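Heads up, the thing below is written out as structure tokens.
The values are calculated or read from the model by the stated rules, or taken from the named source; none is laboratory data. Keep in mind it's a predicted model, so treat the numbers as computed, not measured. Counting neighbours? That spans all protein chains shown, and the Cβs are built from the backbone with ideal geometry, glycine included.
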Amino acid sequence: MNETMKGIIDRFEGDYGIVTINGEAEGFPINLFPLESKPGDVVEIEGTIITVMEDETERLRLEMEDILDDVL
């Protein structure tokens with residue numbers, strides 16, 4: 001059984017997507033990512049299947065906007 005991990009796409013570099021998982025950067029082959037994925041997206045990784053978690057990505061985006069509004 002494959003372990004399920006959650007992370008945030010940091011960037012795409014060459015043939016790899018770099019995902020931050022529990023504070024650590026990990027590279028995955030770019031062809032495993034959905035075409036619509038982009039840096040900042042929250043993803044779930046199970047074996048070789050990477051899924052963008054749209055609801056969590058939106059929640060994180062709103063949370064970050066609130067933090068920026070408080071700071072500025």
remark   = Here the qualifying pairs (Cβ atoms under 7 Å; residues six or more apart or on different chains; first in the range 3-24 and loosely packed, with under 15 Cβ neighbours inside 10 Å; second at pLDDT 95 or above and assigned to a loop (DSSP other than H, G, I, E, B)) come out as 11/39
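Looking only at the range 5-24, decide whether some residue is of a type in the set (Gly, Ala, Ser), in a loop (DSSP other than H, G, I, E, B) and within 9 Å of the chain's Cα centre (by Cα). Outline the logic, then answer.
Going residue by residue through the range 5-24, those that are of a type in the set (Gly, Ala, Ser) are 7, 14, 17, 23.
So of that shortlist, the ones also in a loop (DSSP other than H, G, I, E, B) come out as 14, 23.
Within this subset, residues satisfying the condition of being within 9 Å of the chain's Cα centre (by Cα) are none.
Taking every residue of the range 5-24 in turn, none turns out to be of a type in the set (Gly, Ala, Ser), in a loop (DSSP other than H, G, I, E, B) and within 9 Å of the chain's Cα centre (by Cα).
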request  = Filter the range 37-56 down to residues that are in a loop (DSSP other than H, G, I, E, B) and either surrounded by 19 or more Cβ atoms within 10 Å (Cβ to Cβ) or of a type outside the set (Lys, Arg) (or both), then give me how many there are.
outcome  = 7
